[in-house]
């Protein structure tokens, strides 16, 4: 079930000569919500496979897999975002990311499509006080009746509580 992002974009009817002003996001689901991450951070999309557990790792780090000779940590985003008990089925996928020169896998419920959003379609994330940490959100992308929660994957994966990647130099 390995699929390159470029072939996925072509399968969804995306044109090769895309509008330069829009930014592309890979849309995925976690529970009932739809999220989006910068398509340029995505290396590939794979079906979920069994991982090797690492002792004393936080719950959201499922373990590691060997991806063509590279040991890749796998993060379950449903556990990380506290969205209930994860279930793994035929739709569960691992998005392989390249963040700050490190390869990291992220388990999501499913991947839907590649979407181009213009700056006008992206609204700032609302301030939620201390109830929700919005540091990792770019904003909310709106397409007709659909809303994507846009995640700053660099910031999330390099955050102190993730501990996977050293802080990105600002």
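Coordinate-derived values only; no laboratory data. This one's a predicted model, so the numbers in the text were calculated from it and none came from an experiment. Virtual Cβ from ideal backbone geometry, glycine too; neighbours counted across all protein chains shown.
Our estimate of slack between residue 49 and residue 146, defined as 0.36 nm per intervening residue step minus the Cα-Cα distance, is 31.9 nm. Take the Cβ atoms of residue 135 and residue 90, set R0 to 45 Å, and the FRET efficiency comes out at 0.85. Taking label positions 7 Å along the Cα-Cβ direction at both residue 82 and residue 102, the computed distance is 2.3 nm, reported to one decimal.
Taking other C-beta atoms within 10 Å as the exposure proxy, 40, 83, 137 rank 40, 83, 137 from fewest upward. Taking 0.36 nm per residue of separation and subtracting the current Cα-Cα distance, fully stretching the chain between residue 120 and residue 56 would add 18.6 nm.
Would you please put 118-125, 105-112 in order of how densely packed they are, using the mean number of other Cβ atoms within 10 angstrom per residue and starting with the highest?
Numbers: 118-125: 12.8, 105-112: 20.6.
Packing proxy ranking, top to bottom: 105-112, 118-125.
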